[in-house]
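Written below as structure tokens is the structure these notes are about.
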Amino acid sequence: MDLLQQSMCYVRIQQPVLRGESSSLNYSVYLGSKIGASHARMTSKPMSLELILGPMFAGKTSALQTIIRRHQALGLSCVAYKPQIDTRYGEDEFIYNHDHVKVSAQSTQKLLPNCNTPEYVAARLVIVEEGQFFSDLVEFVTRAVESDKKHVVVAGLDGDRYRKPFGDLLQLIPLADRITKLTSFCKVCADGTPALFTYGRPATQDTVCVGGADVYMPVCRKCYLSLTG
């Protein structure tokens, strides 16, 4: 079962709204497979920004893949970017989730140089995977949304292994139309307890260290404090 399918149903961090009703709320939290359905309502909205945040193994990449496939099924042009530093599943032109499901993406060190490419110009949807690794993220996203009138979806870690802001990703929060916070399951509890944080094993102390389950694991608040205390 895909990690995204394992996640819980959705909640909102502000006043609840019944399904089917319109809402002026900007900040929502969607957990699990509801993200694909909720995003379907935004496919025709230009000049918009959506953030998908959470710890590792929360299904962020699976969520991006769902969004891309929905747009492609409607015949809408998409372009996706991933950081060159992320070579966990190879150095090819794909975005992989942890179940090794993949979709096409362009590997790049910087985002802004892509703004003049035919793929970017033609795209209605712009996807940025692992946004915390791009130093020009804020400038690129601001241009893409507000000057080039794109619909942009950025996914990444909202905190590093020390629970500190990672890169410039959180600077996009004041600019976002929608924010999605995903959780994983605590690897230590192993009983379905939601995991909010990414714990880095002691062998790796660097903030920027690309790795998978061999280096990191999702944990709940109690277990994080126990492991780092």
Odd one out for residue 103 among (1) at pLDDT below 90; (2) in contact with a Cys (Cβ under 6 Å, 6 or more places away or on another chain): (2)
First in segment 61-76 and more than 20 Å from residue 158 (Cβ to Cβ), second anywhere and in a helix (DSSP H, G or I), Cβ under 6 Å, 6 or more apart: 70/40
Yes/no for residue 137 being among the aliphatic types (A, V, I, L, M), in contact with a Leu (Cβ under 8 Å, 6 or more places away or on another chain), under 20 Å from residue 70 (Cβ atoms) and surrounded by 15 or more Cβ atoms within 10 Å (Cβ to Cβ): no
Residue match in segment 136-154 (condition: farther than 26 Å from residue 114 by Cα, of a type in the set (Lys, Arg), touching a helix residue (DSSP H, G or I) at 6+ places or on another chain (Cβ under 9 Å) and in a loop (DSSP other than H, G, I, E, B)): no
Selection count, segment 101-123, where residues are in a loop (DSSP other than H, G, I, E, B), surrounded by 17 or more Cβ atoms within 10 Å (Cβ to Cβ) and either out of contact with any strand residue (DSSP E or B) (no Cβ under 7 Å at 6 or more places or on another chain) or of a type in the set (Ser, Thr, Tyr) (or both): 0
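What residue, among those in segment 50-92 that are among the charged types (D, E, K, R) and either under 30 Å from residue 224 (Cβ atoms) or surrounded by 14 or more Cβ atoms within 10 Å (Cβ to Cβ) (or both), is modelled with the highest pLDDT? If you could, list the steps in order and put the result at the bottom.
Looking only at segment 50-92, we keep the residues that are among the charged types (D, E, K, R), and these are 50, 60, 69-70, 82, 86, 88, 91-92.
Retained after the next criterion (residues that are either under 30 Å from residue 224 (Cβ atoms) or surrounded by 14 or more Cβ atoms within 10 Å (Cβ to Cβ) (or both)): 50, 60, 70, 82, 86, 88.
On the way: 50: 97, 60: 91, 70: 91, 82: 91, 86: 70, 88: 59.
Only one residue tops the list, namely 50.
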Test: residue in segment 173-187 that is free of Cβ contacts under 8 Å to residues at least 24 places away in the same chain and more than 17 Å from residue 60 (Cα to Cα): yes
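The values are calculated or read from the model by the stated rules, or taken from the named source; none is laboratory data. What you see is a predicted model; the values in this text were computed from it and never measured. Ideal geometry is used to build each Cβ from the backbone, glycine not excepted, and the neighbour counts take in all protein chains shown.
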